[in-house]
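The values are calculated or read from the model by the stated rules, or taken from the named source; none is laboratory data. It should be emphasised that the depicted structure is a prediction, and the values quoted were computed from it without experimental measurement. Cβ placement follows ideal geometry from the backbone for every residue including glycine, while neighbour counts extend to all protein chains displayed.
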Amino acid sequence: ARQIVLASRPEGAVRPENFRLEEVATPVCPPGGLLLRTLFLSLDPYMRGRMDDRKSYATPVAIGGVMEGESVAEVIGSEHPDHAVGDLVLARTGWRTHAPSDGTGLRKLDPALAPLSTRLGVLGMPGFTAYAGLKVIGRPKPGETVVVAAASGPVGSLVGQLARLAGVRAVGIAGGPDKCRYVIEELGFDAAVDHRDPDMRTRLAEACPDGIDIYFENVGGAVWQTVLPLFNRFARVPVCGLIAQYDGAWHGTPDDLQATMRAVLTRSLTLRGFINYEFDAEHFPSFLDTVAPGVADGSIRYREDVTEGLENAPSAFVGMLTGRNFGKVLVRVAPD
Ligand code: NDP
């Protein structure tokens, strides 16, 4: 069996050297439990936070510890009454080919419902994040304008598509012309703006002639400062992610904070941070009921960026943090 551990904590940007691939004995099935084989591993931006030793909403990964992560896995050994060999499950195996489990937190998957990989993306945690953040905090009303960055990724792409279904103008921010074209032509957004365009401020203002009513915040940093002047009164901001700040690369000035607070006051903004699982119990069933049919009939679009082999997970992860990915980042760990 193989696993990837955290070799060292990153200083600034993550590098592949912060990880180490290890060959280990294949774990045995624990008494009363299960042995899992990872098929698809999901790579997600939150994992960057787990690499730092600082207080957050979750405990960091220890040096030498297996990197955490969710995957689609196959049961290859079972002494558990609820799971048989051959079952497919959603599990927090981490970055490894095999994992023992006591059965806690496993979700059984029906491969007939949707391609298994979608349970890590459009029909999984990122899709649910988009759905819950938009519905509960964004509260879209027909005729309004929503802006979302990282618009071609699993969270942003669904935010825009759900906004369109709610009768809202959807404007995406994405890195580069290919992603911007995809956001408009494939996902059906009304407009897209490249955040690397030196005229981004003007382009965004042109794309939002009636201002911004909902800004689904995935990025923070310089993009937030660009969005700020365009807010309408009573705009809502689901604060979902701040990927531009995860590496500590962005340093705002005191003026940036003052501008933020002035806008919050003078335009009666509502900012609310959230972690998707806060909404799980109340909203996960309606999420699946709403989005799964659209995925099945093709009216909701998604894109996956699949890397082959566990050994390539570190470089795929580094690429995602800098926008080299195009779609939901997955690693195919074993053939399905
Ligand atoms: P994506 O697949 O969209 O990958 C991240 C993308 O962020 C990159 O592809 C890149 O896209 C963009 N990006 C990176 N750096 C910058 C930058 N400096 N400025 C602008 N864009 C940048 O990831 P997800 O859809 O999985 O996640 C999107 C966000 O949602 C993240 O911030 C993540 O942490 C957050 N999240 C929060 C959850 C919660 O519960 N609160 C749950 C899941 C995700 P591009 O090339 O377009 O710039």
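Observations
- Just so you know, in region 284-336 the residues that are surrounded by fewer than 18 Cβ atoms within 10 Å (Cβ to Cβ) and among the polar types (S, T, N, Q) include one that is farthest from the ligand (Cβ to nearest atom), and it is 299.
- Odd one out for residue 84 among (1) aliphatic (A, V, I, L, M); (2) over 17 Å from residue 299 (Cβ atoms); (3) buried (at least 19 other Cβ atoms within 10 Å of the Cβ); (4) more than 9 Å from the ligand (Cβ to nearest atom): (3)
- Extreme residue, surrounded by the fewest Cβ atoms within 10 Å (Cβ to Cβ), among residues of region 191-232 that are of a type in the set (D, E, K, R) and touching a Gly at 6+ places or on another chain (Cβ under 8 Å): 196
- Within region 169-279, helices (runs of 4 or more DSSP H) holding 3 or more residues that are more than 14 Å from the ligand (Cβ to nearest atom): 200-207, 254-266
- Members of region 51-81 that are within 13 Å of the ligand (Cβ to nearest atom) and touching a Ser or Thr at 6+ places or on another chain (Cβ under 8 Å): 69, 70
- Residue 177 being within 15 Å of residue 42 (Cβ to Cβ), at pLDDT 95 or above and touching an Asp or Glu at 6+ places or on another chain (Cβ under 9 Å): no
- Hey, residue 281 over 19 Å from residue 225 (Cβ atoms), over 17 Å from the mean Cα position of the chain (by Cα) and surrounded by fewer than 13 Cβ atoms within 10 Å (Cβ to Cβ) or not: yes
- Among (1) in contact with a helix residue (DSSP H, G or I) (Cβ under 9 Å, 6 or more places away or on another chain); (2) in contact (Cβ under 8 Å) with a residue 60 or more places away in the chain; (3) more than 9 Å from the ligand (Cβ to nearest atom); (4) not in a helix (DSSP H, G or I), the one test that residue 152 misses: (3)
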